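Everything on this sheet refers to the single structure shown next.
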Amino acid sequence: MTSSLKISIGPLLFHWTPEQRRDFYFRLADEAPVDTVHLGEVVCSKRSPFFDPMIPEVAERLQKAGKEVVLSTLALVTSKREMEALEGATESGLLVEINDVAGVPAVKGQPFVVGPYINLFNEDTLKVFAGLGAVRACLHVELSSQAARLLSGAKGRVELEMIAFGRLPLSVSARCYHARAHGLAKDSCQYVCESDADGKPVDTLDGRNILVVNGTETMSHGYVNLAAKLPELREIGIGRVRLSPQKTDMVAIAKIWRDAIDDRISPDEAAAALRTVCGDVPFVDGYWQGREGLVWGEDEI
């Protein structure tokens, strides 16, 4: 893949069965024209035992297919056990993505990726992470194009990445909203999040769908779609786009992005093609515009 703009598949944020996860990654290995695939649990450590035993096999399959593999770690580390698991991830031999600043000491100076859950909002913070060994930073979803431009001017050797497709991760809590919605506690959740493979929609008091609950995480209801912004992403200096896995055809999504990046279709054609794959899920790009996150294009709230 010769294009200067690379494609990553972000970590799977939803609780799918181990077999569904394995088959999803195997298909990415065989069919998806992407450069990097993220493995690992980001949202809830209780999910980890289900898929962690499969990670070595999946990582090997992806690497044999020519994909870089990154191991993403928890966005909220709250216990000694979780810290020990994070430290173990840094000994896996894979490039590790840190999503909680508590994990930075664990990398012990090794190259690492700054994940989108870390509040990296200014040039000085980016330089600090670079000095600690960061080689890539996936920017926070709330950053505008103007803020991304400022960060790009200070990135040095750090590659910048932007979530360009999928539900946006907005916050992670120590409490589990998903369990509470079913009248359960976090410690006895019965893994009810597995019943919502693309998140559980949450209505506002006036009946609008603007958020989705995914275990302990709150996400946007709409999928961000920055395909039409490809020229701007390039011009700013974003090195790669991240596609966040959803319960849709991610191979088809990746192929559309690859076609746009390689100039086989226009950015606007790519944005329209994504609509045909995603059905009725709304698109958003408000944060990139410097507006409310749920805005799409020139729409008003």
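Structure data summary
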quantity	calculated
Residue that is most open to solvent (accessible area, probe 1.4 Å) [pool: residues in the range 116-139 that are of a type outside the set (A, V, I, L, M) and within 15 Å of SER72 (Cα to Cα)]	TYR117
Qualifying residue in the range 20-39 (condition: open to solvent by 10 Å² or more (accessible area, probe 1.4 Å), outside any helix (DSSP H, G or I), closer than 24 Å to THR248 by Cα and in contact (Cβ under 8 Å) with a residue 40 or more places away in the chain)	yes
Count of residues meeting criterion [without any contact (Cβ under 8 Å) to a residue 40 or more places away in the chain and either of a type in the set (Gly, Ala, Ser) or part of a helix (DSSP H, G or I) (or both)] in the range 40-68	19
Flag if LYS64 is surrounded by fewer than 14 Cβ atoms within 10 Å (Cβ to Cβ), over 18 Å from the mean Cα position of the chain (by Cα), among the basic types (Lys, Arg) and modelled with pLDDT of 95 or more	yes
Within the range 144-178, considering residues that are over 18 Å from ILE238 (Cα atoms) and not hydrophobic (A, V, I, L, M, F, W, C), the one modelled with the lowest pLDDT	TYR177
Count of the range 165-193 residues which are touching a helix residue (DSSP H, G or I) at 6+ places or on another chain (Cβ under 7 Å) and of a type in the set (A, V, I, L, M)	4
Qualifying residue in the range 241-254 (condition: in a helix (DSSP H, G or I) and without any contact (Cβ under 8 Å) to a residue 12 or more places away in the chain)	no
Restricting the range 219-257 to residues that are among the basic types (Lys, Arg) and within 13 Å of the chain's Cα centre (by Cα), the residue that is farthest from LYS200 (Cα to Cα)	ARG240
Residue ranges of helices (runs of 4 or more DSSP H) in the range 83-183 with at least 2 members without any contact (Cβ under 8 Å) to a residue 60 or more places away in the chain and within 29 Å of THR248 (Cβ to Cβ)	177-181
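The values are calculated or read from the model by the stated rules, or taken from the named source; none is laboratory data. Please read these numbers as outputs of a predicted model, since none were measured by experiment. Every residue, glycine among them, receives a Cβ derived from its backbone with ideal geometry; neighbour counts consider all protein chains shown. All accessible areas refer to the heavy atoms of the entire protein, side chains included, with ligands and DNA or RNA removed. Shrake-Rupley method; radii C 1.70, N 1.55, O 1.52, S 1.80 Å.
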